[in-house]
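Report on the structure given below.
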């Protein structure tokens with residue numbers, strides 16, 4: 001392993017036990033889009049894994065360019081925390097990520113990546129099952145970030161939430177979209193619109209795996225309390241009416257790439273005014289991981305895990321509604 005750059009080994013003390021927060025990162029070097037089911041090839045590099053690594057550690061650009069792989073270098077960097085361990089199913093690419101991002105140690109197992117660190121970052125690497133890697137650190141009391149989606153089903157998401165509450169281990173899972181400045185500003189401005197009865201949220205690709213971004217924008221601005229879903233769309237073109245306990249309706253539109261270009265948008269319709277936002281995604285992973293580091297320092301949850309379970313339940317109910325041609329309640333999804 002190459003020696004670390006001087007910037008990354010600064011002796012400056014930070015407000016976490018007086019030292020730099022040491023992180024392990026799991027599933028960060030390759031990507032396998034198996035969330036749709038069936039066989040999928042594992043590709044070199046990982047969008048989220050490389051972005052998270054560089055948010056914390058920066059990178060050696062020349063080293064990163066040596067390989068043909070998906071490598072996203074963050075332009076804005078967090079102080080006070082550093083990735084010191086990495087694990088990935090493909091050790092060769094884990095080694096390359098470690099060299100490019102000044103990571104001290106490549107681990108043989110995901111469990112080893114949780115040892116001797118202050119917290120763990122678990123990456124969305126395409127499976128939709130990264131939640132399984134969260135169970136070990138949670139049970140060991142290691143604060144954990146588990147990338148979106150928390151799971152592909154409400155049942156699995158709820159299983160993680162039970163472990164979080166039983167162990168009391170600090171935990172965060174969220175879409176990066178709810179923390180970008182435009183969405184934070186929309187939340188602050190929403191009262192100016194008066195009473196809001198209707199909203200829309202839109203994004204491209206698969207309903208659970210990517211639709212979580214559109215739905216999370218809504219949850220970040222107006223909160224939860226969903227009671228039912230009715231999907232009146234078509235396969236791969238979801239138009240989901242999400243009804244909330246306060247009577248508000250959200251129209252969630254999520255379509256695959258052959259029908260709609262990817263992107264994100266939210267609109268609020270109030271008695272006093274309307275507001276539509278297409279959020280600027282610049283530095284979105286910085287803002288996401290900034291919230292995780294803040295949780296480590298303060299102990300305050302950025303998003304209650306129960307809210308993330310509800311988000312998954314809404315998306316699952318939307319899928320079930322289209323498949324079964326009926327309105328599906330959140331309660332039945334959570335119970336079944």
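What follows draws every value from the coordinates through simple rules; no lab data is involved. What you see is a predicted model, and the numbers here were worked out from it, not measured in a lab. All Cβ positions, glycine included, derive from the backbone under ideal geometry; neighbour counts span all protein chains shown.
Side notes on the structure shown:
- DSSP beta bridge pairing in the chain, given as percent antiparallel to the nearest 5: 55
- D_trans [Stokes-Einstein, Kirkwood Rh over alpha-carbon pairs] for the stretch 138-214, 10 °C, 1.306 mPa s, µm² s⁻¹: 107
- Rounded to 10°, Cα long-axis angle of helix 47-57 versus longest principal axis of the chain: 50
- Sequence-distant contacts, meaning Cα pairs under 8 Å at least 6 residues apart, place the relative contact order of the chain at 17 percent.
- C-alpha long axis of helix 91-100 to longest principal axis of the chain, angle in °: 80
- For the stretch 6-147, the square roots a ≥ b ≥ c of the C-alpha gyration tensor eigenvalues yield an a/c of 1.5 or more together with a/b not exceeding b/c, which makes the shape oblate.
- Kirkwood hydrodynamic radius of the stretch 18-94, from inverse mean 1/r over distinct Cα pairs, in Å: 13.3
- Largest GNM mean-square fluctuation among 158, 64, 189, using the chain with Cα springs under 10 Å: 189.
- Quotient of Cα Rg and 2.2 N^0.38 Å for the stretch 85-202, N being how many residues it contains: 1.32
- Largest to smallest principal axis extent of the C-alpha atoms in the chain, angstrom: 58, 44, 40
- Pairs of Cα atoms nearer than 8 Å and 6+ residues apart set the relative contact order; for the stretch 6-147 it is 30 percent.
- The relative contact order of the stretch 211-336, computed from alpha carbon pairs under 8 Å that lie at least 6 residues apart in sequence, is 31 percent.
- Residues 120, 300, ranked from the fewest to the most other C-beta atoms within 10 Å, line up as 300, 120.
- Angle between the chain longest axis and helix 131-140 axis [Cα atoms, degrees, rounded to 10]: 60
- For the stretch 6-147, the antiparallel share of DSSP beta bridges with both residues in that region comes to about 10%.
- Choice from 62, 294, 255 showing the highest fluctuation, given a GNM over the chain with Cα pairs closer than 10 Å: 62
- Entry for the stretch 100-147 at q = 0.17, 0.25 Å⁻¹: log10 I(q)/I(0) = -0.50, -1.01, Debye formula applied to identical alpha-carbon scatterers, no solvent contribution.
- Whole-Å semi-axes of the ellipsoid equivalent to the stretch 207-336 (Cα gyration tensor, √5λ, descending): 25, 19, 16
- Taking the inverse of the mean reciprocal distance over all distinct Cα pairs, the Kirkwood hydrodynamic radius of the stretch 240-297 comes to 14.7 Å.
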